[in-house]
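The values are calculated or read from the model by the stated rules, or taken from the named source; none is laboratory data. Owing to the predicted nature of the structure, the values given are computational and were not obtained by experimental measurement. Positions of Cβ are generated from backbone atoms using ideal geometry, with glycine treated the same way; all protein chains shown enter the neighbour counts. Only protein heavy atoms, including side chains, enter the accessible area calculation; ligands, DNA and RNA are left aside. Shrake-Rupley method; radii C 1.70, N 1.55, O 1.52, S 1.80 Å.
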Amino acid sequence: VVYPPENADLFRQVIDCGGAIVSEFPFGTQPVSDHFPRRNRIIAALSDGCVVTEAGARSGAIITANYCLDLRRPLYAVPGNITSAASAGTNGLIRSGAIIATDGMITAAELKLALSFTETKPSAHPVSAAELKPAEAPIVIDTPPRQPKKAADLTPDEGKIVAAILNGHSSISEISSETDLDEATLAPTLVMLELKGIIERQFGGRFTAK
């Protein structure tokens with residue numbers, strides 16, 4: 001059942017453009033409050049990443065964000081005024097380790113880099129419904145062990161950043177000042193070093209070498 005009813009035109013547009021309306025409930029199921037968190041689980045599973053722009057401390061956006069964390073999807077949050085109830089959720093996510101999103105272009109670049117490291121090869125044959133595992137079964141992804149990186153494996157900018165971190169400069173502003181790299185260059189390079197397993201993001205947005 002389309003909810004709210006005024007979204008009926010939007011549903012038709014999605015279908016007309018080649019999209020799909022996805023639900024785990026049978027046709028005719030009425031919208032009830034208990035269904036929305038389950039819907040958010042599907043939204044998280046179908047998404048490459050999650051950017052929470054505004055959310056209360058207890059809200060559907062936070063439920064979706066938590067599902068993204070469970071599914072190991074990249075999670076970003078836009079910081080807000082500490083006196084605003086609508087920012088309590090996003091500020092809480094950042095405090096818990098979500099990546100701060102303050103610039104759309106940088107966030108898009110970081111997300112694109114993160115996704116480039118999580119692409120998987122398609123299955124050699126189509127998967128039938130009978131082959132799908134129950135929802136309760138954990139999904140195990142076999143990945144080769146990380147190999148130690150050598151200095152020769154780093155780009156010049158990456159080398160500067162690692163050297164700065166080893167010298168005790170752990171925040172983005174400190175690293176930027178030490179390396180003379182602007183934040184537009186620094187942010188995606190830091191993400192790349194995280195994905196390579198060379199550095200690690202700590203509480204408060206600081207970095208340490210692994």
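Here are the numbers for the structure shown:
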{"quantity": "Residues of segment 159-193 satisfying the condition of being small (Gly, Ala, Ser) and out of contact with any Leu (no Cβ under 6 Å at 6 or more places or on another chain)", "calculated": "159, 163, 164, 168, 170, 171, 173, 177, 184, 187"}
{"quantity": "Matching residues, segment 170-210, being open to solvent by less than 50 Å² (accessible area, probe 1.4 Å), in a loop (DSSP other than H, G, I, E, B) and not β-branched (Val, Ile, Thr)", "calculated": "170, 171, 181, 196, 197, 205"}
{"quantity": "Subset of segment 150-169 (residues that are within 16 Å of residue 208 (Cβ to Cβ), without any contact (Cβ under 8 Å) to a residue 24 or more places away in the chain and open to solvent by less than 40 Å² (accessible area, probe 1.4 Å))", "calculated": "164"}
{"quantity": "In segment 74-97, the residues that are assigned to a helix (DSSP H, G or I) and more than 20 Å from residue 49 (Cβ to Cβ)", "calculated": "85, 86, 87, 88"}
{"quantity": "Subset of segment 102-138 that is under 20 Å from the mean Cα position of the chain (by Cα), among the acidic types (Asp, Glu) and open to solvent by 40 Å² or more (accessible area, probe 1.4 Å) - its residue that is modelled with the lowest pLDDT", "calculated": "119"}
{"quantity": "Unique match (being open to solvent by 30 Å² or more (accessible area, probe 1.4 Å), modelled with pLDDT of 85 or more and in contact with a strand residue (DSSP E or B) (Cβ under 7 Å, 6 or more places away or on another chain)) among 82, 99, 63", "calculated": "99"}
{"quantity": "Selection count, segment 86-96, where residues are open to solvent by 30 Å² or more (accessible area, probe 1.4 Å), at pLDDT 85 or above and not charged (D, E, K, R)", "calculated": "4"}
{"quantity": "Residue that is surrounded by the most Cβ atoms within 10 Å (Cβ to Cβ), among those in segment 32-60 that are among the polar types (S, T, N, Q) and in contact with a helix residue (DSSP H, G or I) (Cβ under 9 Å, 6 or more places away or on another chain)", "calculated": "40"}
